[in-house]
Amino acid sequence: MEQTPLEPAARAAAALARGDLVGLPTETVYGLGADATQADAVAKIFAAKGRPHFNPLISHVASLEAAEALGVFSPLARKMAHAFWPGPLSLVVPRQADCAVCDLACAGLDTIALRVPAHPLMQEVLRAFGKPVAAPSANISGRPSPTTADHVRAEFGDRLALVLDGGPSAVGLESAVVAVLGDRATLLRLGGLTREALEAVAGPLLTPDASAKAAPASPGMILRHYAPQAPVRLNATHAQPGEVMIGFGPGYEGAAFNLSPSGDLAEAAAHLFAMLRAADALNPTAIVIAPIPKTGLGEAIADRLARAADRSC
Ligand code: TXA
Ligand code: MG
């Protein structure tokens, strides 16, 4: 008897249930997904990415209701979830006593990062799977995050059971990570939501305790990250021979790439990682990047670029 082929989302859910790794589209960047409740499956994520085990993963669920089964939501956490979910916000909240996510995914912490992504295909996967999906960005640790299915395949080849193609990621920057413990909201990572948008709902955001160097509040915020092979030079207006220029706004007609010819920061965010990868593929002596205003999403873009340019570790 002939079997009806499964829909892509159902195939992804079946692979997750088997404990396999799956490349998954989200509106921020592509994720490298595994069943968050299976420690063996989650271990494959750390191995494939070369990710340090002290760096916890975000668990993705279909709804706030599913998130509340895993984490403890204060009134402020619930207010932020209502305002921004589904969407590019990850909330770090205390774990529920009977939280089904394995300790490895949370790096042994008593908090958990949760996100309800908006991408319709990812939503379909989460609903079909019915369990939390642990998913960091689908790149080798330290490299630029992937914003297309091809980036994910280039990164991991046949180590993945499946890469689900949901088109280019619309936002292009990872989620903003905000810890909400009681009525205090701390911005752990800038991302696909502006500080202004977050603060309009949460009030002024705290910054992580700089004195906590030994155990950074967001273990993922180690400096060098998002980095291409080539050195990156920031705030430059011209490329030297052998260098590749990434412009921003008008006046970069000769540049190989332009994040947004009209100077639109949302468009620049969406193009950032793909252009870093494409520029790197040309094997330049350096990638030089035009000045970008640090307002709105420009603040998160500046954060990613500073890490991409950092050579100190
Ligand atoms: O947009 C995104 O957030 C993407 C897509 C796939 O959802 N995911 C992503 O995951 O960027 P990842 O693993 O690359 O970044 C997760 C960040 C890390 O900086 C990690 O340290 C932090 O969230 N994080 C996770 N759990 C945490 C916790 N319990 N406490 C503090 N920080 C946490
Ligand atoms: Mg990442």
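The values are calculated or read from the model by the stated rules, or taken from the named source; none is laboratory data. Remember, it's a predicted structure, so these values are computed and weren't measured experimentally. Cβ: placed from backbone, ideal geometry, glycine included. Neighbour counts: every protein chain shown.
Data table
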{"quantity": "Counted residues, region 129-163 - those being assigned to a loop (DSSP other than H, G, I, E, B) and either surrounded by fewer than 24 Cβ atoms within 10 Å (Cβ to Cβ) or within 13 Å of ligand 2 (Cβ to nearest atom) (or both)", "calculated": "17"}
{"quantity": "Pick from region 99-128, criterion among the aliphatic types (A, V, I, L, M), within 11 Å of ligand 1 (Cβ to nearest atom) and more than 22 Å from Ala43 (Cβ to Cβ), ranking: surrounded by the most Cβ atoms within 10 Å (Cβ to Cβ)", "calculated": "Met122"}
{"quantity": "Residue ID - surrounded by the most Cβ atoms within 10 Å (Cβ to Cβ), chosen from residues in region 263-313 that are free of Cβ contacts under 8 Å to residues at least 24 places away in the same chain and among the hydrophobic types (A, V, I, L, M, F, W, C)", "calculated": "Ala302"}
{"quantity": "Residue within region 34-47 that is touching a Pro at 6+ places or on another chain (Cβ under 6 Å) and either of a type in the set (Gly, Ala, Ser) or on the phi > 0 side of the Ramachandran plot (or both) present", "calculated": "yes"}
{"quantity": "Enumeration of residues in region 49-64 that are farther than 13 Å from Gly142 by Cα and buried (at least 19 other Cβ atoms within 10 Å of the Cβ)", "calculated": "Pro56, Leu57, Ile58, Ser59, His60, Val61, Ala62"}
{"quantity": "Residue list for region 168-201, restricted to those being closer than 17 Å to His82 by Cβ, aliphatic (A, V, I, L, M) and in contact with a helix residue (DSSP H, G or I) (Cβ under 6 Å, 6 or more places away or on another chain)", "calculated": "Val180, Ala185, Val201"}
{"quantity": "Residues (surrounded by fewer than 24 Cβ atoms within 10 Å (Cβ to Cβ) and either more than 10 Å from ligand 1 (Cβ to nearest atom) or hydrophobic (A, V, I, L, M, F, W, C) (or both)) located in region 20-40", "calculated": "Asp20, Thr37, Gln38, Ala39, Asp40"}
{"quantity": "Residues that are assigned to a helix (DSSP H, G or I) and either touching a Phe, Trp or Tyr at 6+ places or on another chain (Cβ under 6 Å) or not hydrophobic (A, V, I, L, M, F, W, C) (or both), drawn from region 299-313", "calculated": "Glu299, Asp303, Arg304, Arg307, Ala308"}
{"quantity": "Matching helices (runs of 4 or more DSSP H) fully within region 1-70 where at least 3 residues are closer than 22 Å to Arg153 by Cβ and more than 14 Å from the chain's Cα centre (by Cα)", "calculated": "8-17, 39-49"}
{"quantity": "Tally of residues being of a type in the set (S, T, N, Q) and touching an Asp or Glu at 6+ places or on another chain (Cβ under 8 Å) across region 43-95", "calculated": "1"}
{"quantity": "Count of region 260-298 residues which are part of a loop (DSSP other than H, G, I, E, B) and touching a strand residue (DSSP E or B) at 6+ places or on another chain (Cβ under 6 Å)", "calculated": "4"}
{"quantity": "Inter-residue pairs, beta-carbon under 7 Å, first at positive phi and in region 224-246, second surrounded by fewer than 21 Cβ atoms within 10 Å (Cβ to Cβ) and of a type in the set (Phe, Trp, Tyr), 6+ apart", "calculated": "none"}
{"quantity": "Region 102-120 residues that are among the polar types (S, T, N, Q), paired with ones that are in a loop (DSSP other than H, G, I, E, B) (beta carbon under 9 Å, 6 or more apart)", "calculated": "Thr111/Pro56"}
{"quantity": "Checking Gly251 against (1) surrounded by 15 or more Cβ atoms within 10 Å (Cβ to Cβ); (2) on the phi > 0 side of the Ramachandran plot; (3) not hydroxyl-bearing (Ser, Thr, Tyr), the condition it does not meet", "calculated": "(1)"}
{"quantity": "Residue satisfying all of: in region 164-189; surrounded by 24 or more Cβ atoms within 10 Å (Cβ to Cβ) and either modelled with pLDDT under 95 or within 16 Å of ligand 2 (Cβ to nearest atom) (or both); farthest from the chain's Cα centre (by Cα) among these", "calculated": "Ser169"}
{"quantity": "Failed criterion for Ala105 (all others in (1) in contact with a helix residue (DSSP H, G or I) (Cβ under 7 Å, 6 or more places away or on another chain); (2) assigned to a loop (DSSP other than H, G, I, E, B); (3) under 29 Å from Ala278 (Cα atoms) hold)", "calculated": "(3)"}
